[in-house]
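Participant: Mind having a look at this structure? Questions to follow.
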Amino acid sequence: MIVCHCNVLTVEDIQGAVDELLAEMPLRVITPGLVYRRLGTRGRCCGCFPLAIDVINAHIEKRLAGDDLAERRQQIVEQQRAYRDSMQQRRRIAANA
């Protein structure tokens, strides 16, 4: 199904771009503009953005239901928390030195 007639982008194109973007950074907020830039284009009339948002959200929800994305996001959150804790500890040590 074509989502954007100006750029001739299909649901599959958008889903593929979302997958690529999430593979790079799973905590990223995915917007139509970001997806279109990944696909090498930009919104022209932007009439398709509401439908593109629906496609993006549905695809992310589908991946979350499959648990592959939810698990990856949780791992990243835990890594960030551990890094933040270690940096706070280093600052305390440096302040006491």
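The values are calculated or read from the model by the stated rules, or taken from the named source; none is laboratory data. Given the structure is predicted, the values throughout are model-derived calculations rather than measurements. Note: ideal-geometry Cβ built from the backbone for every residue, glycine included; neighbour counts use all protein chains shown.
Participant: What number of residues within the stretch 45-69 satisfy the criterion of being out of contact with any helix residue (DSSP H, G or I) (no Cβ under 9 Å at 6 or more places or on another chain), at negative phi and part of a loop (DSSP other than H, G, I, E, B)?
Facilitator: Here the count works out to 3.
Participant: Go over the candidates R28, R42, R90, R72 one by one and state the one that is of a type in the set (K, R), surrounded by fewer than 16 Cβ atoms within 10 Å (Cβ to Cβ), at pLDDT below 90 and part of a loop (DSSP other than H, G, I, E, B).
Facilitator: R28
Participant: Can you tell me which residue is farthest from V77 (Cα to Cα) among those in the stretch 1-18 that are surrounded by 13 or more Cβ atoms within 10 Å (Cβ to Cβ) and without any contact (Cβ under 8 Å) to a residue 12 or more places away in the chain?
Facilitator: Filtering first and then ranking leaves T10.
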